[in-house]
Amino acid sequence: MVICALMLTASNVFMTFAWYGHLKHLNSKPWWIAALISWGIALFEYLLQVPANRIGYGPMNLAQLKILQEVITLVVFVVFAVAYMGQEIRINYLYAALCLMGAVYFIFSA
């Protein structure tokens, strides 16, 4: 499960840059250039995400795998938003994290 989580974390870093990184440096470029660059970055996301999901599916059921992915996504996004995009941490990040902690508890306790 650790390898799965690490691979999903790495894939989420690529995903987050593919989805949002262009907002910082490519605003003056046409949208389709940003889309092409994002697709190129997203390739690396899929090269990690697909095998990670295959590794994780078995030790975890599908719902557990999805909740793990969502928790990782939120953590990676908060780090990206603060460190790369210069956003401030907001109270709603905490509320979202608390909701996801509840989801983790309920999905893994069954």
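So, in region 61-75, how many residues would count as being exposed (fewer than 11 other Cβ atoms within 10 Å of the Cβ) and either under 15 Å from the mean Cα position of the chain (by Cα) or at positive phi (or both)? Write out each step before concluding.
So in region 61-75, the residues exposed (fewer than 11 other Cβ atoms within 10 Å of the Cβ) come out as 62.
Remaining after also requiring either under 15 Å from the mean Cα position of the chain (by Cα) or at positive phi (or both): none.
Final tally of qualifying residues: 0.
Name the residues in region 76-99 that are surrounded by fewer than 16 Cβ atoms within 10 Å (Cβ to Cβ), aliphatic (A, V, I, L, M) and touching a helix residue (DSSP H, G or I) at 6+ places or on another chain (Cβ under 8 Å), would you? Working first, answer last.
The first filter runs over region 76-99 and keeps only residues surrounded by fewer than 16 Cβ atoms within 10 Å (Cβ to Cβ), leaving 79, 82-92, 94-99.
Restricting the remaining residues to those that are aliphatic (A, V, I, L, M) gives 79, 82-83, 85, 89, 91, 94, 96-98.
Result: Met85, Ile89, Ala96, Ala97.
Tell me, yes or no, whether region 15-35 has at least one residue that is hydroxyl-bearing (Ser, Thr, Tyr), part of a helix (DSSP H, G or I) and in contact with a Phe, Trp or Tyr (Cβ under 6 Å, 6 or more places away or on another chain).
We begin by selecting, within region 15-35, every residue hydroxyl-bearing (Ser, Thr, Tyr); these are 16, 20, 28.
Remaining after also requiring part of a helix (DSSP H, G or I): 16, 20.
This time we only want the ones that are in contact with a Phe, Trp or Tyr (Cβ under 6 Å, 6 or more places away or on another chain), so: 16.
Checked against the condition, which is being hydroxyl-bearing (Ser, Thr, Tyr), part of a helix (DSSP H, G or I) and in contact with a Phe, Trp or Tyr (Cβ under 6 Å, 6 or more places away or on another chain), region 15-35 yields at least one hit.
With Ile37, Ile67, Ile107, Ile41 as the choices, which residue is closer than 22 Å to Phe14 by Cβ, touching a Lys or Arg at 6+ places or on another chain (Cβ under 9 Å) and without any contact (Cβ under 8 Å) to a residue 60 or more places away in the chain? First the steps, then the outcome.
Values: Ile67 fails: touching a Lys or Arg at 6+ places or on another chain (Cβ under 9 Å); Ile107 fails: closer than 22 Å to Phe14 by Cβ; Ile41 fails: touching a Lys or Arg at 6+ places or on another chain (Cβ under 9 Å).
Residue meeting the stated conditions: Ile37.
Give the residue, chosen from Tyr20, Tyr105, that is among the hydroxyl-bearing types (Ser, Thr, Tyr) and either over 18 Å from the mean Cα position of the chain (by Cα) or surrounded by 17 or more Cβ atoms within 10 Å (Cβ to Cβ) (or both). Quick ask: steps written out before the conclusion?
Numbers: Tyr20 fails: either over 18 Å from the mean Cα position of the chain (by Cα) or surrounded by 17 or more Cβ atoms within 10 Å (Cβ to Cβ) (or both).
Result: Tyr105 is the single residue among Tyr20, Tyr105 that is among the hydroxyl-bearing types (Ser, Thr, Tyr) and either over 18 Å from the mean Cα position of the chain (by Cα) or surrounded by 17 or more Cβ atoms within 10 Å (Cβ to Cβ) (or both).
Which one is nearest to His22 (Cα to Cα) among residues in region 59-87 that are assigned to a helix (DSSP H, G or I) and among the polar types (S, T, N, Q)? Spell out the reasoning first.
Of region 59-87, the ones assigned to a helix (DSSP H, G or I) are 62-84.
Checking which are among the polar types (S, T, N, Q) leaves us with 64, 69, 73.
Values: Gln64: 31, Gln69: 23, Thr73: 18 Å.
Here the residue is Thr73.
Of (1) of a type outside the set (Asp, Glu); (2) farther than 18 Å from Ala97 by Cβ; (3) in contact (Cβ under 8 Å) with a residue 40 or more places away in the chain, Leu47 satisfies all except one. Which?
For Leu47, the exception is condition (3).
Every residue, every condition in (1) farther than 21 Å from Phe108 by Cβ; (2) at pLDDT below 95; (3) in contact with a Cys (Cβ under 6 Å, 6 or more places away or on another chain); (4) not aliphatic (A, V, I, L, M), yes or no:
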residue	(1), (2), (3), (4)
Ala18	yes, yes, no, no
Gly40	yes, yes, no, yes
Pro51	yes, no, no, yes
Glu70	no, yes, no, yes
Thr73	no, yes, no, yes
Ile91	yes, yes, no, no
Ala96	no, yes, no, no
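Any residue that is touching a residue at least 60 places away in the same chain (Cβ under 8 Å) and either among the polar types (S, T, N, Q) or more than 16 Å from Tyr84 (Cα to Cα) (or both) - is there at least one of those in region 13-26?
Yes, because at least one residue in region 13-26 is touching a residue at least 60 places away in the same chain (Cβ under 8 Å) and either among the polar types (S, T, N, Q) or more than 16 Å from Tyr84 (Cα to Cα) (or both).
The values are calculated or read from the model by the stated rules, or taken from the named source; none is laboratory data. Here the structure is a predicted model, which means the values were calculated and not measured. Cβ: placed from backbone, ideal geometry, glycine included. Neighbour counts: every protein chain shown.
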